[in-house]
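A.B. asks: Please read through the structure below; I'll follow up with questions.
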């Protein structure tokens, strides 16, 4: 179980993973070695799964962001995952419940590339594609107490 100090460290690292441990320590009231030890434990436990640079897709020539929903014939999931791995344009792929089997996020340079990608995915099932017009919440930090409070309030409203 992680405590409030761990959550404070996680918030700092989510805002800027390049912060020196001394700065994180200043923010959370610990020494740099104490922060380093806590971060090591968070990494070993799998709570911190990596550190990544956020890339502006528009600035690297991939201005069109889309979500592709793919519904397939049952039993072809492994085949689709194998195909999806071949497309660097596909940034995320999630196996989901509901009408569709997969939801994929992709970044493409132009509509022609999107058409090709959709045609390739359509060979494996029915696709529905949504083009992102704007991202009003492009990335949100994980903050357990806030999530718990929100869910708690929603549960209480339903019980009333």
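Just so it is clear, none of the values below were taken in a lab; they were calculated from the coordinates. Quick caveat: nothing in here was measured; it's all calculated off a predicted structure. Glycine also receives a Cβ, built like all others from the backbone with ideal geometry; neighbour counts cover every protein chain displayed.
A.B. asks: State whether the residues of segment 9-18 include one that is without any contact (Cβ under 8 Å) to a residue 40 or more places away in the chain, assigned to a loop (DSSP other than H, G, I, E, B), surrounded by 15 or more Cβ atoms within 10 Å (Cβ to Cβ) and touching a helix residue (DSSP H, G or I) at 6+ places or on another chain (Cβ under 6 Å).
C.D. replies: No: segment 9-18 contains no residue that is without any contact (Cβ under 8 Å) to a residue 40 or more places away in the chain, assigned to a loop (DSSP other than H, G, I, E, B), surrounded by 15 or more Cβ atoms within 10 Å (Cβ to Cβ) and touching a helix residue (DSSP H, G or I) at 6+ places or on another chain (Cβ under 6 Å).
A.B. asks: May I ask you to list the residues in segment 34-57 that are out of contact with any helix residue (DSSP H, G or I) (no Cβ under 7 Å at 6 or more places or on another chain) and outside any helix (DSSP H, G or I)?
C.D. replies: The answer is 45, 46, 47, 49, 50, 51, 52, 53, 54, 55, 56.
A.B. asks: Consider residue 39 carefully, then state whether it is over 20 Å from residue 139 (Cβ atoms) and crowded, with 17+ Cβ neighbours inside 10 Å. First the steps, then the outcome.
C.D. replies: On the way: over 20 Å from residue 139 (Cβ atoms): yes; crowded, with 17+ Cβ neighbours inside 10 Å: yes.
Yes: the conditions hold for residue 39.
A.B. asks: Also: Scan segment 19-33 for residues that are surrounded by fewer than 16 Cβ atoms within 10 Å (Cβ to Cβ) and assigned to a helix (DSSP H, G or I) and report the count.
C.D. replies: Summing the residues that are surrounded by fewer than 16 Cβ atoms within 10 Å (Cβ to Cβ) and assigned to a helix (DSSP H, G or I) in segment 19-33 gives 6.
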